[in-house]
Amino acid sequence: MALRFYNTLSQQVEEFAPARDNTVRMYSCGPTVYDYAHIGNFRTFAFLDILRRWLRASGFGLDHVMNITDVDDKIIRNAVAQHKSLSDYTAVYTQAFLDDCRTLRLEPPEHLVPATRHVDDMVAAIEKLSSGGHTYTSEGSVYFRIASFPGYGKLSHNDFSGIRAGARVDMDEYDKADARDFALWKAPKEGEPAWPASIGPGRPGWHIECSVMAIRYLGATLDIHAGGVDLIFPHHENEIAQSESLTGQPFARFWLHAEFLMVEGQKMSKSLGNYYTLRDLLAKGTAPEAIRYLLVSVPYRKALNFTMEGLKSAATAIDRLRNFKLRLETDKLPEGLNQPLAGRTAAAAHQFRGGMDDDLNTAEALAAVFEYVREANIALDAGEFRAANAPAALDLLAQFDAVFDVLKPSVQGAALTDEQIEARVAERTAAKKARDFARADQIRQTLLDQGVILEDTKSGVRWKRK
RNA sequence: GGCGCGGUAGCCAAGUGGUAAGGCAAGGGUCUGCAAAACCCUUAUUCGUCGGUUCGAUUCCGACCCGCGCCUCCA
């Protein structure tokens, strides 16, 4: 079955392929760098990472643009309060975002672009919109007139036909002709930073950066535009209005949106004390892989309940996979090929791909892997797992890990070298042979304290780092 | 009120018009000098509630209840 995604625009699952030359042109909304990103943000970014990796695994090339919003009201407010320049202020959180992404093994997009790098392009776009009759100016700010765009509401499936400019009563309060109109360019208030421009000094509104940068790097029509559900309205709706008014072309063919994340069954909020940044979780000693696993194990279109129990569960599940991989690599396997098992391996790989192809159904894909692991472990225990079965099994794990990327442990601080560990293991084996179990156990415990786990198996001692 | 998503075992969660994947947790067992790892068994006659269609519905239709999101720039 071919790759297919749920498209917010059509509200249907549709078969996906890029429009031209096998390269997927995609855009996703990045962070606003006014603070550390929280775990809810990373649910969406982790989804984007899975999306990227699966598109590549499906044989497509990638051209992905993500913006970094480094100018907006909150940033200005905070920077002014701290007597810092915008760029000094945002540099800290931009770097923090990059570090966090690396920790969670999120691939960088092909283009990661700060909005402030394209202010000139935004001004040019606003001028073009103005000459097309899509804007008006009020007290130095430029607004987009949604009445000039007939398709407004097609993404969020809202019907705005009943809302007419004449019905407005609070015009003096909003300075807008219609409450739904939005700012393209904001005139500066006293003490606020501003860019000089033909349309008057000011700064870009939030929505214009995405339209301008997407079109500039990827062309008029994107294959995929993705983000969190809360961006559907008004942000993405406004992007469509701007972009399509600008180019006359459909802005994006597929719109994908990740659902919300909750913490311990409640919405995340600072007042409830369940508002976590990645740093908060790492400080509690959580492995980054467990966080990554938990974030992507629930299919992206389903709300995710992020819990401490879930984090533990994720870590244990990863261990199960790692242990299986270690067994494949270290057990002495009898020669030959177990034909039925080889069939099962192929079937598991097929089911894995089928799950991912089905709108990134990660739960289904994971089930395929785990079911296979159990069957393979049984065969391993029974001595029926043959040497020639191992490559396909390892390949299945590689396919899994190319997307989920959780098998390799994050490196912890200084540890014993392999040689030191081997020497201690040999010492313990000698003690065991002499039936000095107290000494053997003491060595095992010492190694455990240093993060090395020993396991006695039929084919000798196996060790692994915690 | 409008738009959208969802309610499946203790927790997370897949799924189909034909009789409930997978992970974690819990209890029991096998293996082991003891562990660890692994495996086996047990844990939903039942899929929010009530009706309807059907030979048969968790899966289709209707109503209702509950949770969540968006509808003032929040992933």
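The values are calculated or read from the model by the stated rules, or taken from the named source; none is laboratory data. All figures in this text were calculated on a predicted structure; none of them were measured in a lab. Glycine also receives a Cβ, built like all others from the backbone with ideal geometry; neighbour counts cover every protein chain displayed. These accessible areas exclude ligands, DNA and RNA; they are computed on the full protein's heavy atoms, side chains included. Shrake-Rupley method; radii C 1.70, N 1.55, O 1.52, S 1.80 Å.
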Got at least one residue in region A:95-102 being at pLDDT 95 or above and of a type in the set (G, A, S)? yes
Condition first: in contact (Cβ under 8 Å) with a residue 12 or more places away in the chain and acidic (D, E). Now tell me which residues in region A:413-451 satisfy that. A:E427
Restricting the search to region A:328-349, which residues are open to solvent by 40 Å² or more (accessible area, probe 1.4 Å) and in contact with a strand residue (DSSP E or B) (Cβ under 8 Å, 6 or more places away or on another chain)? A:T330
Identify, please: which residue in region A:126-136 is touching a strand residue (DSSP E or B) at 6+ places or on another chain (Cβ under 8 Å) and touching a residue at least 60 places away in the same chain (Cβ under 8 Å) and is, among those, nearest to A:K186 (Cα to Cα)? A:I126
Filtering region A:231-270 down to residues that are hydroxyl-bearing (S, T, Y) and more than 9 Å from RNA strand B (Cβ to nearest atom) yields A:S243, A:S245, A:T247
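Filter region A:295-311 for residues that are within 14 Å of A:V406 (Cα to Cα) and either among the small types (G, A, S) or within 6 Å of RNA strand B (Cβ to nearest atom) (or both) and give the result. If you could, list the steps in order and put the result at the bottom.
Let us first name the residues in region A:295-311 that are within 14 Å of A:V406 (Cα to Cα), namely A:295-297, A:311.
Matches in region A:295-311: A:S297 only.
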Criterion first (in a helix (DSSP H, G or I) and either at pLDDT below 90 or within 14 Å of RNA strand B (Cβ to nearest atom) (or both)) does A:E455 satisfy it? no
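Among A:L51, A:L9, which is the only one that is crowded, with 23+ Cβ neighbours inside 10 Å and either in contact with a Leu (Cβ under 8 Å, 6 or more places away or on another chain) or touching a residue at least 60 places away in the same chain (Cβ under 8 Å) (or both)?
Working: A:L9 fails: crowded, with 23+ Cβ neighbours inside 10 Å.
The match here is A:L51.
Is it fair to say A:E375 is within 8 Å of RNA strand B (Cβ to nearest atom), more than 23 Å from A:R53 (Cα to Cα) and not in a loop (DSSP other than H, G, I, E, B)? Lay out the reasoning, then the answer.
Working: within 8 Å of RNA strand B (Cβ to nearest atom): yes; more than 23 Å from A:R53 (Cα to Cα): yes; not in a loop (DSSP other than H, G, I, E, B): yes.
Against the criterion (within 8 Å of RNA strand B (Cβ to nearest atom), more than 23 Å from A:R53 (Cα to Cα) and not in a loop (DSSP other than H, G, I, E, B)), A:E375 qualifies.
For A:G273, state whether it is within 11 Å of RNA strand B (Cβ to nearest atom), open to solvent by 40 Å² or more (accessible area, probe 1.4 Å) and out of contact with any Phe, Trp or Tyr (no Cβ under 9 Å at 6 or more places or on another chain). Lay out the reasoning, then the answer.
On the way: within 11 Å of RNA strand B (Cβ to nearest atom): no; open to solvent by 40 Å² or more (accessible area, probe 1.4 Å): yes; out of contact with any Phe, Trp or Tyr (no Cβ under 9 Å at 6 or more places or on another chain): yes.
No: the conditions fail for A:G273.
Going through region A:190-230 one residue at a time, which ones are of a type outside the set (A, V, I, L, M), assigned to a helix (DSSP H, G or I) and within 13 Å of RNA strand B (Cβ to nearest atom)? Steps first, answer last, please.
Step one: filter region A:190-230 for residues of a type outside the set (A, V, I, L, M), giving A:190-193, A:195-196, A:198, A:200-207, A:209-211, A:216-217, A:219, A:221, A:223, A:225, A:227-228, A:230.
Those still in the list that are assigned to a helix (DSSP H, G or I) too: A:209-211, A:216-217, A:230.
Of everything in region A:190-230, those that are of a type outside the set (A, V, I, L, M), assigned to a helix (DSSP H, G or I) and within 13 Å of RNA strand B (Cβ to nearest atom) turn out to be A:E209, A:C210, A:D230.
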Can we say A:R105 is open to solvent by 10 Å² or more (accessible area, probe 1.4 Å), away from RNA strand B (no atom under 13 Å from the Cβ) and in contact with a Lys or Arg (Cβ under 7 Å, 6 or more places away or on another chain)? yes
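I'd like the full set of residues that are open to solvent by 30 Å² or more (accessible area, probe 1.4 Å) and among the aliphatic types (A, V, I, L, M), limited to region A:204-219. Full working, then the answer.
Step one: filter region A:204-219 for residues open to solvent by 30 Å² or more (accessible area, probe 1.4 Å), giving A:206, A:215-217.
Correct list: A:I215 only.
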